[in-house]
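Every number here is computed from the coordinates shown, using simple stated rules; none is lab data. Source: prediction; values computed, not measured. All Cβ positions, even for glycine, are placed from backbone atoms using ideal geometry, and neighbour counts span all protein chains on display.
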Amino acid sequence: MSEKELREGLVGAVANEPPLDFDPDRLLARAQREARRRRSLVGVGAATAVIAVAAATTATVLHPADEAAPAAHLTTGPGTQTPHVTTGPVHSLAAWPPPVREYHYTAARENELAAAWTSHIKTTFGQIVPNAGNVAVRPWGGEAEGSVSADQDYLDAFVTFTVDGTPTAVDISVFAPGQNSTGPQGDCKNPCAATPLPDGSVLTVDPYSQNSVHLLTVSQYRPDGSVVSATGYNYDPTGKSSPGYSAAVLLNIQQLTSFATDHAFEFTP
Amino acid sequence: MRREDEDRFREFAVRQAAPLRRCAYLFCGDWHLAEDLMQTSLVKIYRAWPKVTRQDATGNYARTVLLRTWLDEKRRPWRRSEVGRADVPDVIDSGLGPALAAERSWRRDLVHQALLRVPPRQRAVLVLRFFDDLSIAETAEAMRCSEGTVKSQAARGLANLRVAMAQVEADEAHGRVAS
């Protein structure tokens with residue numbers, strides 16, 4: 001195919017463009033509303049913040065998750081509150097992305113990282129999810145599972161496991177410093193809650209529900225500009241047949257926080 | 001934001017809305033998602049507007065934000081599925097005979113269907129280079145990668161596009177709809 005044919009094809013592809021009903025005033029109103037919400041993000045979600053900070057502290061020492069903790073619901077109950085920590089460097093919420101040095105990652109280096117993370121997960125998964133069975137780490141990749149290429153600045157993988165016989169998985173995504181340009185301000189929208197942590201990072205807890213599907217993503221935006229996310233599901237997202245849905249996500253916030261704040265997941269050149 | 005900055009942003013948004021939506025559609029293959037991506041990108045640009053206006057090429061910056069927004073959207077764990085087949089255009093080029101016009105229409109549709117099968121970053125390079133007519137340097141800036149990466153991604157993208165076109169044609173021949 002010639003360049004000319006490609007250009008013609010692309011122009012032709014948008015030839016049936018539907019009418020654009022664009023109202024700049026409405027867009028401005030939305031932008032201003034989101035800017036206000038972002039400014040108030042620092043003080044938002046006190047109850048969630050308490051839990052998230054406590055969970056992060058727990059995760060730092062890789063303390064096994066509390067077996068009595070409720071499975072991740074999209075609300076936070078008073079029964080799970082712990083001592084309040086409020087000393088986070090609040091400025092970090094507004095200073096994303098931090099200045100980072102640009103690195104080039106070879107595919108070989110990325111595969112090394114992937115292999116190390118796989119080993120690490122195999123060692124620690126049982127501590128974080130004590131009731132997990134049949135734990136398996138699927139290939140790390142990017143645009144597709146197992147797809148790793150030079151200068152790819154993120155890697156993700158599913159860890160599949162069962163809880164009381166129910167299959168599910170957690171998705172772990174590790175983004176290199178500089179990969180994420182939007183930061184918690186841009187990524188974390190209601191009902192997501194963001195919390196600055198004492199180490200200068202920001203932890204976000206982002207629930208998602210649609211019909212029978214429930215997901216919960218905990219992400220740590222780190223001072224070096226990297227981001228690590230862990231997503232739990234109420235079904236098995238890797239299954240090849242129609243999934244069965246549990247009532248709630250099968251990992252709780254503390255467990256997901258343990259993965260997201262684990263500094264073994266570092267994208268180093 | 002100062003009033004004059006808001007006015008400048010409003011003008012920018014009106015000027016860029018349609019081109020950004022077209023570019024987003026070529027990325028994702030869904031006009032509704034394209035509209036969402038365009039709006040979200042403009043909101044992000046609004047937040048950074050004082051910084052943006054100091055840049056010479058605000059249009060290219062908008063492409064960067066759009067691209068990031070789309071890639072971020074794709075990476076969300078509950079990735080939205082993409083529409084693998086665009087609607088056949090209603091508008092036929094009246095300057096051609098019916099047979100030739102239909103052939104050209106099919107050809108264009110084929111290109112876009114095949115494009116949606118090309119990996120996202122390669123697809124983005126092809127759209128930025130051959131639809132938005134960005135230079136290699138501008139594409140590298142928009143994608144935040146080296147010019148060498150743009151060249152290699154474009155070469156791989158074109159190769160994959162050819163393969164994908166053959167697959168789409170084969171699927172159509174067997175009466176299957178691309179997904």
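Averaging Cα coordinates gives a centre for the range A:217-237 and one for the range A:114-167; these two points are 13 Å apart.
Expressed in Å, the radius of gyration and Dmax of the Cα atoms of the range A:154-269 are 14.4, 43. Peptide A:185-192 has a mean shielding of 2, counted as Cβ atoms of other protein chains within 10 Å of each residue's Cβ.
The mean of 1/r over all distinct Cα pairs in the range A:99-214, once inverted, gives the Kirkwood hydrodynamic radius of 16.4 Å.
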